[in-house]
Amino acid sequence: MKLTDDETAIAAGRDGEGAAVALRLVADSGRLLGADALVPVASAHIDGCLYHGDSGTEFAEFLVAKGARVTVPATLNVGALDLLRPGNVRLAGGRREMALRLMRAYEALGCRSTWTCAPYQAGHRPALGSDVAWGESNAVVFCNSVLGARTNRYGDFLDIACAIAGRAPHYGLHLLANRRATVRVDTSGISEALKRKEAFWPVLGAWLGRTVGEDVAVIDGLAAYATEDRLKALGAAAASTGAVALFHVAGVTPEAPTAESILADRHATIALTPDAVRDARKLLSTAGGDAVDAVAVGSPHFSLDEILSLDALLAGRRVRVPIYLNTSRHVLGKLERAGRLAALTEAGVVPIVDTCVVVTPILPAGGGVLMTNSGKFAFYAPGNTGYAVQFGSLADCVESAVAGRLVRDEAGWQ
Amino acid sequence: MSQTLFPGDAEGEVLVLAAPLSFWGGVSWETGAIINARHPQLGEVVSGKILVVPEPVGSSSSSAVLLELIRAGRAPAAIVLGRPDAILVVACLVAKEMGWAAPPVLVVPGCGDAQAGRGRVAEGRVAYRPA
């Protein structure tokens, strides 16, 4: 690891102790990871603002007290509180206070109060080929894959350290050679009807993460079906079941005009089979029977298009079990300006912003069955909320919420 | 063969993860217990163990879970990774800046072959003693 004279001076305290701590964290991590140098970054997305115990608050306040400030534009991931509708979150007493102090400390470091796991839906879209330092596994995979900006999976703390230092370790996905696909996924055995289904994409992601781990894959045969929201769902699921930080979709994502153009010389080919899709879909549900106690959508945070689809599927009907709509204050503001928010809440949709139902206590205590169309929610909800999960399409989620029991269209999946 | 990502010595019971596990969503930051309902070792506790992680996966919030376990004295005694992964090591680096004692982290390719029993990490190497 070669630090520049400037970086050595910062690490020694030239720009204050806060900047020094940040630079040391970035440089030490880089050294461990085999980086040869630090690379300037254009922006950061910070995942450390979600409360998981007092240590995170203590670290953020430690940085504030040492005079640290971010030196590049930095958006904030979800916190543990809905700051616009505080009553949504049941976090109590000291924890609530520490969760709020944590969020305020990150604001005091100069980060933008975006409070979303989908900063790319709130205008944070770095340029193709630029180096950035992002945290939050779905944001990382979207940033690399869909935007073509370059980041590693910067965990909590390293993300804010990079934002303060304005630099990241030069290794991994910052290097073009590591962005080439070592796995080719052949989807020619999958029907067009399945590829057209919105729920195919998180299932594909769940399979991909479990199959490739951290390897970079290029998926062939999806060009006619991909949308930004589908790529978002694919990436979020793949980054939950595996450590996927980058995937390519041939003819769709910016670094893969064709599969051949991004494949590494040495690569494996895996054929996706209908059986594998069926198994991956099955694994996303943990509940039996037809009970559904709540529905949650929006992991990653729902886009305006996804909310409008939900609105259209509801078609003015009221739900028997609540639909928790997790989104950003940015997107909810757009929905409100479009005049659709009031009708949705009257129908029984519960908007949640700045946070989500899987990271903080929002769902009614006592557990039950949560239905979702999100591969990421399906993966994390049982451990984080105690709820068992039923996975289905957005239409299945809406029909189940209206009926108050599981309604799932099995056509096309057999 | 082994590489030290965060230095230190440790001793403890060996816990080899039988399936990939994200610390965030997979390990309770309050108790150190495995809480991922789909994980074959659901309910086992990572605290005080020589935790062998053949394939590090999952959420980038895992460093926060580990930092909280470190602060509360409930971290694994040592972490042995099958390949380098920044997410857990960062928690150890932050702990060092905060003045909290953090577990050693090693990379040992092929570490999934480790047997249950006792383990000892010293001088950048891990040695196992079968039960």
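The values are calculated or read from the model by the stated rules, or taken from the named source; none is laboratory data. All values derive from a computational prediction rather than experimental measurement. Please note: Cβ atoms are built from the backbone with ideal geometry, for glycine as well, and neighbour counts cover all protein chains shown.
Can you name the number of the only condition in (1) within 10 Å of chain A (Cβ to nearest Cβ); (2) without any contact (Cβ under 8 Å) to a residue 40 or more places away in the chain; (3) of a type in the set (A, V, I, L, M, F, W, C); (4) within 17 Å of residue B:68 (Cα to Cα) that residue B:33 fails?
(1)
Of all the residues that make up segment B:1-25, how many are facing chain A (nearest Cβ under 7 Å) and under 21 Å from residue B:116 (Cα atoms)?
Residues that pass the stated criteria total 0.
Is it the case that segment B:43-65 has a residue that's closer than 21 Å to residue A:158 by Cα, without any contact (Cβ under 8 Å) to a residue 60 or more places away in the chain and in contact with a His (Cβ under 6 Å, 6 or more places away or on another chain)?
yes
For segment A:122-147, what are the residues that are touching a residue at least 60 places away in the same chain (Cβ under 8 Å) and either aromatic (Phe, Trp, Tyr) or farther than 25 Å from residue A:327 by Cβ (or both)?
Selection gives A:127, A:128, A:130, A:131, A:134, A:142.
Yes or no: segment A:270-280 includes at least one residue that is part of a strand (DSSP E or B) and surrounded by 14 or more Cβ atoms within 10 Å (Cβ to Cβ).
Yes, the conditions are met somewhere in segment A:270-280.
Given A:68, A:60, which one is touching a helix residue (DSSP H, G or I) at 6+ places or on another chain (Cβ under 6 Å) and either at pLDDT below 95 or part of a loop (DSSP other than H, G, I, E, B) (or both)?
A:68
Does residue A:154 count as of a type outside the set (Gly, Ala, Ser), within 12 Å of another protein chain (Cβ to nearest Cβ) and in contact with a strand residue (DSSP E or B) (Cβ under 7 Å, 6 or more places away or on another chain)?
Yes: the conditions hold for residue A:154.
Kindly evaluate residue A:334 against the criterion of being within 14 Å of chain B (Cβ to nearest Cβ) and either out of contact with any Phe, Trp or Tyr (no Cβ under 8 Å at 6 or more places or on another chain) or hydrophobic (A, V, I, L, M, F, W, C) (or both).
No: the conditions fail for residue A:334.
Considering every residue within segment A:124-137, establish whether at least one is more than 21 Å from residue A:63 (Cβ to Cβ) and within 14 Å of chain B (Cβ to nearest Cβ).
Yes; the residues of segment A:124-137 include at least one that is more than 21 Å from residue A:63 (Cβ to Cβ) and within 14 Å of chain B (Cβ to nearest Cβ).
Going by what's in this entry, would residue A:363 be described as under 21 Å from residue B:38 (Cα atoms), modelled with pLDDT of 95 or more, part of a loop (DSSP other than H, G, I, E, B) and not β-branched (Val, Ile, Thr)?
yes
Can you pull out the residues in segment B:62-101 that are within 26 Å of residue A:242 (Cβ to Cβ), among the small types (Gly, Ala, Ser) and not in a strand (DSSP E or B)?
Listed by number, the residues that qualify are B:62, B:63, B:64, B:75, B:82, B:86, B:91.
Is it the case, given these coordinates, that residue B:129 is at pLDDT 95 or above, of a type in the set (D, E, K, R) and surrounded by fewer than 23 Cβ atoms within 10 Å (Cβ to Cβ)?
Here the answer is no, as residue B:129 does not meet what is asked.
Considering only residues that are modelled with pLDDT of 95 or more and assigned to a loop (DSSP other than H, G, I, E, B), which ones fall in segment B:29-38?
B:31, B:32
Here's a check for you: in segment A:28-44, which residue that is at the interface with chain B (Cβ under 10 Å from one of its Cβ atoms) and not in a loop (DSSP other than H, G, I, E, B) is surrounded by the fewest Cβ atoms within 10 Å (Cβ to Cβ)?
A:31
Filter segment A:384-414 down to residues that are surrounded by fewer than 23 Cβ atoms within 10 Å (Cβ to Cβ) and of a type in the set (Gly, Ala, Ser) and give me whichever is farthest from residue A:293 (Cα to Cα).
A:412
Is it true that some residue in segment A:374-383 is in contact with a helix residue (DSSP H, G or I) (Cβ under 8 Å, 6 or more places away or on another chain), outside any helix (DSSP H, G or I) and more than 10 Å from chain B (Cβ to nearest Cβ)?
Within segment A:374-383, one or more residues are in contact with a helix residue (DSSP H, G or I) (Cβ under 8 Å, 6 or more places away or on another chain), outside any helix (DSSP H, G or I) and more than 10 Å from chain B (Cβ to nearest Cβ).
In this structure, is residue B:79 within 8 Å of another protein chain (Cβ to nearest Cβ) and touching a helix residue (DSSP H, G or I) at 6+ places or on another chain (Cβ under 7 Å)?
no
Residue B:101 passes all but one of (1) under 18 Å from residue A:59 (Cα atoms); (2) of a type in the set (Gly, Ala, Ser); (3) surrounded by 24 or more Cβ atoms within 10 Å (Cβ to Cβ); which number fails?
That leaves (3) as the condition not met.
Of everything in segment B:102-125 that's part of a helix (DSSP H, G or I) and touching a residue at least 24 places away in the same chain (Cβ under 8 Å), which residue is nearest to the other protein chains (Cβ to nearest Cβ)?
B:112
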